[in-house]
Amino acid sequence: MSTNHIIDLYSDTQTRPSAGMRKAMADAEVGDEQRGEDPSTNLLQERVADLLGKEAALFLPSGTMCNQIAMLVHCRQGDEIIGAEVTHLFTSEAGGASALAGAQTWPIRCERGIFTGADVTAAVRAPGRHNPISRVVVIEQTVNRGGGAIWSVDEIADVAKATHQHGLILHMDGARLMNAAVSSGIPAKDMTAHVDTAWTDLSKGLGCPVGGVLVGSRAFIDEAWRWKHRLGGALRQSGILAAAGLYALDHNIQELAKDHENAVALGEAVAAVEGLKLFSPRIESNMVFFESTLPEISSRQIFETLLARGVRMGMTYGNMIRAVTHLDVSRDDITRAGEILGQVVADLKAGLRKAS
Ligand SMILES: *Cc1c(COP(=O)(O)O)cnc(C)c1O
């Protein structure tokens, strides 16, 4: 491995399908998915339904479509969706909940995207003709713009209790649910036990090129199928894609533990640099958020200088730098990224001294 390749910590979406995954895709048994005749897709759906402890599952082209179809099934026009202000469904899906489901959103302001049953109760609208109807509560596992924070099962149960007491539906955006499960050692199905609907992404840390799988009751999935078809998301020989998902379930879930160790190592490297501050002292999954505390050096300058030196991170919520570990970054890459980061900050400081 050369030492001057790009170390890509922009996102866990940057993973490329491995040789083993590509072989599984090439060898996949296929059929017409729209007619329920694709054996690989059917098997993937059965396995994810089982993994997440729900009756049925539906393979979809993306996580965004999982969220959007869930909202289309759950909501009518004028309904309201409650969730953390940082939730992906509110911030990063092109206003889909309003554009497609006709629902409006009620953002809860909270630390790291994690809120409580009392927050839900406070957000639920009173009945009355003037008021929108509160319909769904959304929680994100892990919280992307919360630095990869993990909801504990108790926190989920607390929100579920309030949600159901008020007659609302609880939906989990589980883009990184498997990261949460591996990091905490708690089975994914314990985390989904209290929610009505959920999904997990295949194209993030699990390393697939495409896909998400939505789960819930049989009746929910029947309705979700109708929307999948309406939106043009019903596919033909999707087994080629589902085979990547099956491969990931067998080979890549346990690999997430390495991503979490790498994130902790990178967090330690960040903490060792004077002038950098971690968003949270505890790195919970595969994300490291940090910012500059130096008055004359911005986080953006650090981000741009890192990029120029072959370390790609991202800018995120609160103007922080976000680094995400994944299958295609090794421990050596992380060590190297930490060294480059220290050097970048030292050089920027030295530049300031020279200029003054
Ligand atoms: C990436 C992401 C999504 C959307 O998934 P895609 O597969 O990119 O469409 C939804 N929610 C969260 C929290 C995400 O990080």
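The values are calculated or read from the model by the stated rules, or taken from the named source; none is laboratory data. None of these values were measured; they are calculated from a predicted model. In this analysis, Cβ positions are derived from the backbone assuming ideal geometry, glycine residues included, and neighbour counts consider all displayed protein chains. Areas reflect the complete protein model, heavy atoms only, side chains present, ligands, DNA and RNA absent. Shrake-Rupley method; radii C 1.70, N 1.55, O 1.52, S 1.80 Å.
Explain nothing, just the number: dipole magnitude of the stretch 19-251 about its Cα centre with +1 on each Lys and Arg Cβ and -1 on each Asp and Glu Cβ, in debye rounded to the nearest 20. Don't skip to the answer; put the middle values down first.
Details: 21 positive and 26 negative charges, 93 e Å.
So the dipole magnitude of the stretch 19-251 works out to roughly 440 debye.
Give, as a single signed number, the net charge of other residues whose beta carbon lies under 12 Å from the beta carbon of Leu51, with Lys and Arg counted +1 and Asp and Glu -1. Mind dumping the intermediate values first?
Values: positive: Arg47, Lys54, Lys189; negative: Glu46, Asp50, Asp190, Asp250.
The answer is -1.
Using a Förster radius of 30 Å, what is the FRET efficiency between His251 and Thr335 based on their Cβ-Cβ separation? Nearest 0.05, please. E between His251 and Thr335, to the nearest 0.05, is 0.75.
Please give the net charge around Leu294, taking every other residue with its beta carbon less than 14 angstrom from that of Leu294, where Lys and Arg add +1 and Asp and Glu add -1. Mind showing how you got there, number by number?
On the way: positive: Lys277, Arg300, Lys349, Arg353; negative: Glu274, Glu291, Glu296, Asp347.
For residues surrounding Leu294, the net value is 0.
If R0 is taken as 45 Å, the Cβ-Cβ distance between Arg22 and Ala355 corresponds to a FRET efficiency of 0.35. Each residue of the stretch 150-158 is assigned a 3J(HN,Hα), and the resulting list reads 10, 6, 6, 4, 5, 5, 5, 4, 5 Hz, derived from the Karplus form 6.51 cos²θ - 1.76 cosθ + 1.60 (θ = phi - 60°), x at Gly and Pro. The simple spin-label model puts a point 7 Å past each Cα toward its Cβ; for Glu29 and Glu155 those points are separated by 4.2 nm. Across the stretch 131-148, coupling constants 3J(HN,Hα) worked out from phi with the 6.51/-1.76/1.60 Karplus curve, θ = phi - 60°, read 9, x, 9, 5, 10, 10, 10, 10, 10, 10, 10, 6, 7, 4, 7, x, x, x Hz, and Gly and Pro carry x. Summing Lys and Arg as +1 and Asp and Glu as -1 over all other residues whose Cβ lies under 11 Å from the Cβ of Gly211 gives a net charge of 0. Close amide H contacts of Ser134 (hydrogens built in the peptide plane, cut-off under 5 Å, sequence separation of 5 or more or a different chain): Glu80, Arg125. The calculated 222 nm mean residue ellipticity attributable to helices in the chain amounts to -12500 deg cm²/dmol, summing -39500 (n - 2.57) over DSSP H runs of n ≥ 4 and dividing by all residues.
Probe radius 1.4 Å, ligands and nucleic acids left out: which of Arg109, Arg22, Arg312 has the largest accessible area, and how do the rest follow?
On the way: Arg109 195, Arg22 135, Arg312 75 Å².
If we order Arg109, Arg22, Arg312 from most to least accessible, we get Arg109, Arg22, Arg312.
Taking amide H atoms as placed 1.01 Å from N in the peptide plane, the amide H of Ser11 lies under 5 Å from those of Val324, each 5 or more residues away in sequence or on another chain. Heavy-atom surface analysis with a 1.4 Å probe gives the chain a carbon and sulfur content of 49 percent of its accessible area. Amide hydrogen proximity for Leu276: with H placed 1.01 Å from N in the peptide plane, the residues at 5 or more positions away or on another chain lying under 5 Å are Thr293.
Taking Gly275, Gly128, Gly342 as the candidate residues, the one with maximal mean-square fluctuation in a Gaussian network model of the chain, Cα springs under 10 Å, is Gly128. In this rough spin-label picture, where each label sits 7 Å from Cα along the Cβ direction, the Glu296-Glu85 distance is 3.3 nm.
Just list whichever of Lys23/Lys189; Lys54/Lys204; Lys161/Lys277; Lys228/Lys258; Lys204/Lys349 have alpha carbons separated by over 27 Å in the model shown. Walk me through the numbers on the way to the answer.
Details: Lys23/Lys189 29 Å; Lys54/Lys204 22 Å; Lys161/Lys277 36 Å; Lys228/Lys258 35 Å; Lys204/Lys349 35 Å.
Long pairs (Cα-Cα over 27 Å): Lys23/Lys189; Lys161/Lys277; Lys228/Lys258; Lys204/Lys349.
Determine the shape class of the chain: with a ≥ b ≥ c the square roots of the Cα gyration tensor eigenvalues, call it rounded for a/c under 1.5, and otherwise prolate if a/b is greater than b/c, oblate otherwise. Taking the square roots of the gyration eigenvalues as a ≥ b ≥ c, the chain is oblate.
The 3J(HN,Hα) values that the Karplus relation (6.51, -1.76, 1.60; θ = phi - 60°) gives for the stretch 231-239 are, in residue order, 7, x, x, 6, 10, 10, 8, 6, x Hz. Gly and Pro appear as x.
A full extension of the chain between Ile186 and Asp50 corresponds to an added length of 47.4 nm, given 0.36 nm per residue minus the alpha carbon distance.
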